[in-house]
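A.B. asks: Pasting a structure below so you can have a look.
The values are calculated or read from the model by the stated rules, or taken from the named source; none is laboratory data. Since the model is a prediction, treat every value here as computed from it, not as a measurement. For neighbour counting, all protein chains shown are included, and Cβ atoms are generated from backbone atoms with ideal geometry for every residue, glycine included. To get the accessible areas, we keep the full protein, side chains included, count just its heavy atoms, and leave off ligands, DNA and RNA. Shrake-Rupley method; radii C 1.70, N 1.55, O 1.52, S 1.80 Å.
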Amino acid sequence: MSSSSAHAPNPRPAGTGNGPAVSRREFDALFDAVRTWDRWSPADRGAWNRVTADHVRRAAAGVRSATVVPLALPWNTRPGPGNRKPALHHMTDLGDVEAPEPSTYKDFLAADYHGKGITHLDALCHVAYRGRLYGGRTAHEAVDAAGARFGAVSTLGPLVTTGVLLDLPAVLGIPWLEPGQAVHAEDIVAAEKALDVTIGEGDAVLLRSGHGRRRAELGAWDPDTASAGFHVDAVPLLAERGIALLGGDGDSDVRPSPVDGVHSPVHALAVAAMGVPLLDNLDLEELSAATAEAGRHAFLLVVAPLNVPGGTGSPVNPVAVL
């Protein structure tokens, strides 16, 4: 998609904020430039159609130390600035319901997971732009109170591919990116060079901003108001590379949004235009240490969402294997 770069907004001026600002006209042109509608079948697997058996074999062949790193945050039941809708967890059986032996212990889990407190996958029915889901389906016709009839998480199934960690704090020699700091295309290219890794077709790109470390050291804040993430001018490069999945320790979008009237522009571009599902709220601190020790930032990545017919996504615990 080399032609899409011509539609990217002008590069940012010097600074570390969320800009430059992008007009709605520029954003709509970018959306249309990176759109991959009608490219694959089945359409509601979107960019996961890029991942072939050869991609899986290459990812598996890259395993060396067999170090296994889980990437999910702990199940978060405590309300706070970054967890407005806490998950639920309570016991339903304390071994006193059934006649022994053996006694059993059971619990209940539930979550309104599309927020900032739960590690989760966004399916293609989760985001619409201009009233359309990925592929051009009318959103209000494809999704109703019974769930989604197109782009559900159950259609995606599991993903096994090569993951690439863009560890921006490690590249810059800082503990974390400050909330509100945008990551641009030139930052991706610089990170590839510094980390000796190249994003390829079918890869999963994970952005570490240091969100988790900052929260652990300085305390929680409201990531809906300010968070580090990708500026929209990084998306044409990711589109050209043919990625299958995008994720990070935030939700991939820099906040505040640089696009007037579009609160989550990277979500719109990735999910609704490119058919690229998103992984939100990853814990990338252990992976950062493991990749630094291994001296390589590509690894086998396994993502296995729950099989929820009609679901708009799923809590998930992705696993990296080095």
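A.B. asks: Residues that are open to solvent by 60 Å² or more (accessible area, probe 1.4 Å) and touching a helix residue (DSSP H, G or I) at 6+ places or on another chain (Cβ under 8 Å): does region 151-165 have at least one? Even if it seems obvious, please write down each step before you answer.
C.D. replies: The initial filter retains those residues of region 151-165 that are open to solvent by 60 Å² or more (accessible area, probe 1.4 Å), namely 158.
Restricting the remaining residues to those that are touching a helix residue (DSSP H, G or I) at 6+ places or on another chain (Cβ under 8 Å) gives none.
Within region 151-165, none of the residues are open to solvent by 60 Å² or more (accessible area, probe 1.4 Å) and touching a helix residue (DSSP H, G or I) at 6+ places or on another chain (Cβ under 8 Å).
A.B. asks: Restricted to region 234-264, and to residues that are touching a residue at least 60 places away in the same chain (Cβ under 8 Å) and closer than 14 Å to Gly17 by Cα, which residue is most open to solvent (accessible area, probe 1.4 Å)?
C.D. replies: The extreme case among them is Pro256.
A.B. asks: Another question about this same structure. Restricting attention to region 131-150, and to residues there that are touching a helix residue (DSSP H, G or I) at 6+ places or on another chain (Cβ under 8 Å) and either among the hydrophobic types (A, V, I, L, M, F, W, C) or assigned to a loop (DSSP other than H, G, I, E, B) (or both), which single residue is surrounded by the most Cβ atoms within 10 Å (Cβ to Cβ)?
C.D. replies: Pass one, region 131-150, residues touching a helix residue (DSSP H, G or I) at 6+ places or on another chain (Cβ under 8 Å): 131-135, 148-150.
Filter once more, so that each one left must be either among the hydrophobic types (A, V, I, L, M, F, W, C) or assigned to a loop (DSSP other than H, G, I, E, B) (or both): 131, 133, 148-150.
Numbers: Gly131: 10, Leu133: 27, Ala148: 25, Arg149: 15, Phe150: 21.
That would be Leu133.
A.B. asks: Any residue that is out of contact with any Cys (no Cβ under 9 Å at 6 or more places or on another chain), farther than 30 Å from Val164 by Cβ, among the hydroxyl-bearing types (Ser, Thr, Tyr) and outside any loop (DSSP other than H, G, I, E, B) - is there at least one of those in region 88-95?
C.D. replies: Here is the first cut: in region 88-95, the ones out of contact with any Cys (no Cβ under 9 Å at 6 or more places or on another chain) are 88-95.
The next check asks that each one be farther than 30 Å from Val164 by Cβ; those that pass are 88-95.
Imposing the further condition that a residue be among the hydroxyl-bearing types (Ser, Thr, Tyr) reduces the set to 92.
Checking which are outside any loop (DSSP other than H, G, I, E, B) leaves us with 92.
Scanning region 88-95 turns up at least one residue that is out of contact with any Cys (no Cβ under 9 Å at 6 or more places or on another chain), farther than 30 Å from Val164 by Cβ, among the hydroxyl-bearing types (Ser, Thr, Tyr) and outside any loop (DSSP other than H, G, I, E, B).
A.B. asks: Moving on to the next point. What are the residues in region 98-130 that are among the basic types (Lys, Arg), under 19 Å from Asn76 (Cα atoms) and open to solvent by 50 Å² or more (accessible area, probe 1.4 Å), if any?
C.D. replies: Narrowing region 98-130 to residues among the basic types (Lys, Arg): 106, 116, 130.
Filter once more, so that each one left must be under 19 Å from Asn76 (Cα atoms): 106, 116.
Within region 98-130, Lys106 is the sole residue that qualifies.
A.B. asks: Tell me the residue from Ala204, Ala185 that is hydrophobic (A, V, I, L, M, F, W, C) and open to solvent by 10 Å² or more (accessible area, probe 1.4 Å), please.
C.D. replies: Working: Ala204 fails: open to solvent by 10 Å² or more (accessible area, probe 1.4 Å).
Exactly one of Ala204, Ala185 is hydrophobic (A, V, I, L, M, F, W, C) and open to solvent by 10 Å² or more (accessible area, probe 1.4 Å), namely Ala185.
A.B. asks: Please work out if Leu218 is open to solvent by 10 Å² or more (accessible area, probe 1.4 Å) and free of Cβ contacts under 8 Å to residues at least 40 places away in the same chain.
C.D. replies: On the way: open to solvent by 10 Å² or more (accessible area, probe 1.4 Å): yes; free of Cβ contacts under 8 Å to residues at least 40 places away in the same chain: yes.
Yes, satisfied.
A.B. asks: On to the next question. In region 86-97, what count of residues is obtained for those that are open to solvent by 50 Å² or more (accessible area, probe 1.4 Å) and under 28 Å from the mean Cα position of the chain (by Cα)?
C.D. replies: Just the residues of region 86-97 that are open to solvent by 50 Å² or more (accessible area, probe 1.4 Å), to begin with: 88-92, 94, 96-97.
Next cut, under 28 Å from the mean Cα position of the chain (by Cα) only: 88-89.
Matching residues across region 86-97 total 2.
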